[in-house]
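Only the coordinates and a few stated rules stand behind these numbers; no lab work does. Computed from a prediction, not measured in an experiment: that's the story for all the values here. Reconstructed Cβ throughout: ideal geometry from the backbone, glycine too, with neighbour counts over all protein chains shown.
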Amino acid sequence: MRVLVYGSGQLAQMMYLAAAPLGIIVSAVDVVTETVVNPLSKKATGVSLRDAIQEANAITVEFEHVPEHLLLDAQKSDKLYPNIASILAGADRVREKALLSKNNIPNCDYLIISHVDQLNDVVARLGEKVIFKASRDGYDGYGQWRIGSASELSALREEFSLLDLEKVPLIAERMMQFDREISLVGARSKDGQVACFSLAENLHHEGQLHVSVAPITNLTDALQQKANDIFETLATSMDYVGVLAVELFQCGDELYVNEIAPRVHNSGHWTQQGCATSQFEQHIRAVLGLPLGSTELIGVSAMVNVIGCSTINRDLIGIPNTHLHWYGKEVRIKRKMGHINVIASSHAKLGAKLKQLIEFVPVEHFPKLEGEAIRLEKS
Ligand code: ATP
Ligand code: MG
């Protein structure tokens, strides 16, 4: 069987690696050159995109910002999973907010800004602490602006007046005072079955994910169930097939959806060693119509992103149950280079292992590691 993935970065690479033991071949599409490549070597396979679409049993995406004409072409084959509307809901914050409203899913209060004059209402409607997000093409905190007081708005007004807001509106969102950020990664099969992974707790720095811990500390059945219900409502309403990530803000017992990602997700990488089935294999299973795998936990996991540096000591894999996943990319500031999965039998033991890990990495590139190690060790 063959799966064609639009996008040829690390997510396609990890789908390729997860599918190989099942005898399933994954090819990737470089969406800039529209070339079919091997997801590992990134070398052209020599197969045309048209033939690759023909040969594929399923077509999917590793990110939501695939040019729309490519998605429309893929859709014509009737093999695109998730469907195009789901992908676009993840790619466009205006559609995403409409989806959340339609399903009565709690999310952050917001205004859609398609003209600078609408900025006049922002503070009165949302308060002084506001985050502005480009409705399309943002990721890892790019395409975002924050204000902490009304006086900061005038500088932004100038900046926003240079943007084509009618074409790409902004979402102005109330800054939430959440207790923590968590995410629910799950899958829905073609016959409507749903399998959710344990909630993961996500630590961000400058708008970018640095560390995930799963399951979250102090997880209750009620909270997991609430998140699973949100997942099922959204996935069912979109007739979604594949892995879907839902980013959430937890405030007490309440959950607010921040955004959704119609694909495998960085906050689900821990499933590679922390779960009976990884999110990558699960996605491949779902889009091919194979039975979903078990989401049973192997232990307590941490996923630590390696961002903007390659000078880690690879001997870190000597820490028991510690695994390195390297993407093979050139180093750039804020670029995700790889990740480290650490598994332990309890949160406290996981904290102790993260403390050990500190010895093997340049700490200035891991601003969340030590604090999280200390927090977990005490838990
Ligand atoms: P990703 O790479 O996850 O797609 P992104 O750049 O698309 O990120 P968001 O997830 O919307 O954008 O925002 C990035 C981070 O900014 C969030 O994880 C959260 O830490 C913070 N953030 C976003 N919206 C809010 C909000 N309304 N209130 C408080 N913090 C927020
Ligand atoms: Mg996000």
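Distance between the pseudo-spin-label points of Ala124 and Ala85 (7 Å out from Cα toward the beta carbon): 3.6 nm.
Here r is the Cβ-Cβ distance between Thr33 and Asn104 and R0 is 45 Å; the resulting FRET efficiency, rounded to 0.05, is 0.60.
The orientation-averaged shadow of the Cα convex hull for the stretch 1-103, equal to a quarter of the hull surface, comes to 6.8 nm². Remark: Met14, Met337, Met176 ranked as Met176, Met337, Met14, counting other beta-carbon atoms within 10 Å and listing the fewest first. Loop-resident GluC sites (Glu not before Pro) (DSSP state other than H, G, I, E or B) in the stretch 148-249 with no more than 16 further Cβ atoms inside 10 Å of their Cβ: Glu166, Glu206. Only aspartates and glutamates eight or more places from Lys368 in sequence, or on another chain, were considered; those with a Cα closer than 17 Å are Asp140, Asp179, Glu181, Glu201, Glu206, Glu359, Glu377. What separates the Cα centres of the stretch 24-44 and the stretch 230-251 is a distance of 28 Å. Of the peptides 267-273, 25-31, 292-298, the order by per-residue mean of other Cβ atoms within 10 Å, starting with the highest, comes out as 267-273, 25-31, 292-298.
Would you please report the Å³ per residue occupied by the convex hull of the alpha carbon atoms in the stretch 115-156?
With only Cα atoms used, the stretch 115-156 gives 78 Å³ per residue.
The chymotrypsin sites (Phe, Trp or Tyr not before Pro) of the stretch 125-219 that meet both conditions, a loop assignment by DSSP and at most 14 other Cβ atoms within 10 Å of the site Cβ, are Tyr139, Tyr142.
In angstrom, the C-alpha Rg and Dmax of the chain are 20.5, 59.
The base-10 log of I(q)/I(0) for the stretch 325-379, evaluated at q = 0.12, 0.28, 0.32 Å⁻¹, reads -0.32, -1.13, -1.26 [Debye formula, identical scatterers on Cα atoms, solvent excluded]. Orientation-averaged projection of the stretch 234-379 equals 10.3 nm² [convex hull of Cα atoms, one quarter of hull surface area].
Each part gets one Cα centre, and for the stretch 63-94 versus the stretch 291-322 those centres are 30 Å apart. Put in order of Cβ neighbour count within 10 Å, fewest first, the listed residues Thr220, Thr322, Thr233, Thr60 become Thr220, Thr233, Thr322, Thr60.
Each peptide in 311-321, 83-93 receives the mean, over its residues, of other Cβ atoms within 10 Å, and ordering these scores from highest gives 83-93, 311-321.
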